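The values are calculated or read from the model by the stated rules, or taken from the named source; none is laboratory data. Since the structure is predicted, the reported quantities are computational estimates derived from the model, not experimental observations. Virtual Cβ from ideal backbone geometry, glycine too; neighbours counted across all protein chains shown. The protein model used for the area step is the full one, side chains on, heavy atoms only, and it has no ligands, DNA or RNA in it. Shrake-Rupley method; radii C 1.70, N 1.55, O 1.52, S 1.80 Å.
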Amino acid sequence: MKRYVGVIVLICGLAGAIAHAQAPKYKYEITKLIVNLPNASGKARDTASVAADGKGNILVLRRSEPPVLIYNREGKLLNSWGTGLFVDDHNIDVDRFGYVWIGDRNGQMVYKFTMDGKLVMSIGTKGVKGDDTSKTSFNRASDVYVAPNGDIFVADGYENHRIVQFDKDGKFIKIIGGIKGRGPGQLDAVHGVAMDSKGRLVVLDHHADDPHITVWDAKTGKFLEDWGSLHLTMGSGFTMDEKTDTFYVADTNGHQFIIVKDGKVIDRIGDLQVEGHQAAFDNGTGAIYLADTGALGGMIWKVVIKK
């Protein structure tokens, strides 16, 4: 099924809902790539996250067993694994080295796997909540990014207010942020982290309260800038094209999807009827995948930008 988006309605949640009408700059082809995941719970929130390795594998993380499903770009199921491993799986990513990272939100853990499900590394203290000063424990971490040098950045932002940096072997390096708030150098409800071509950390913050993107120096941990309001209701899905420093954000409750470049929103599509919780950019094709957390039985959407 294909949908082409014309005039859109934007839902902006600052003090209340504000409606806008705007024509998208680009044309978008939006298709259902994967529908009704096998052995699905049939409940909303079942489809948690999606990742792409850039080589043809699309990885789906869901809250049914087995939790990890691997498809090709045509939507054919290739493999599955992970039964019994997680308490509350939340996010999945594939790093530049081909390893799979999964965040177990309420399990307070971050795991590194091979593509076929072999556990390589665990970070965190299972079942133990850490505060903003903890070096060994998280409190409902939300995302993982692996830098070109192998350093690991964990967005620890559902209850804490920070990014935690580890080296490639999982050894603690430093805490970035760690102060609750909305001012410079503060974080509140971090839901995504990435790194641009300048080596700066780009962070999706204020998850459900006027989402913003903030920028930090990865080497020093110093706050650099705030790109301002994204005019979203719940900024959840966060992914990027590392070749162009273009960022893509899905609004779960606002049923919209935006493109951000050079600190500005350059396009916005809405009225999608998609509750995009996590997003993934496919470096091999340029397509973006959205995990629809509201779809009963599971759903992954594919978005292609027609420039």
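For the residue pairs K76/K302; K129/K222; K198/K261; K261/K302; K168/K219, the alpha carbons lie more than 19 Å apart in K129/K222; K261/K302. Note on the chain: with neighbouring protein chains present and a 1.4 Å probe, carbon and sulfur make up 50 percent of its accessible heavy-atom surface. Converting the Cα gyration tensor eigenvalues of segment 201-307 into ellipsoid dimensions via √(5λ) gives semi-axes, longest first, of 23, 16, 12 Å. Database remark: amide H of E65 closer than 5 angstrom to no amide H (H placed geometrically; neighbours at sequence offset of 5 or more, or on other chains; Pro and chain starts carry no H).
Per residue, the solvent-accessible area of segment 104-205 (1.4 Å probe, heavy atoms of protein chains only, all protein chains present) comes to 39 Å².
Cα centroid distance between segment 244-307 and segment 139-205, in Å? So the separation of the two Cα centres works out to 21 Å. The order of the peptides 45-58, 106-119 by mean Cβ neighbours within 10 Å, most packed first, is 45-58, 106-119. Rounded to the nearest 0.05, the FRET efficiency derived from the C-beta distance between R45 and L78 at R0 = 30 Å is 0.75. Within a straight-line Cα-Cα reach of under 13 Å, K306 can be paired with the following aspartates and glutamates, leaving aside sequence neighbours fewer than 8 residues apart in one chain: E29, D267. Using the alpha-carbon positions of the chain, Rg (one decimal) and Dmax (whole number) come out as 17.8, 49 Å. Tell me whether segment 238-282 comes out rounded, prolate or oblate; compute the Cα gyration tensor, take square roots of the eigenvalues as a ≥ b ≥ c, and use a/c under 1.5 as the rounded threshold. Judged from the Cα gyration tensor, segment 238-282 comes out oblate (a/c at least 1.5, b/c at or above a/b).
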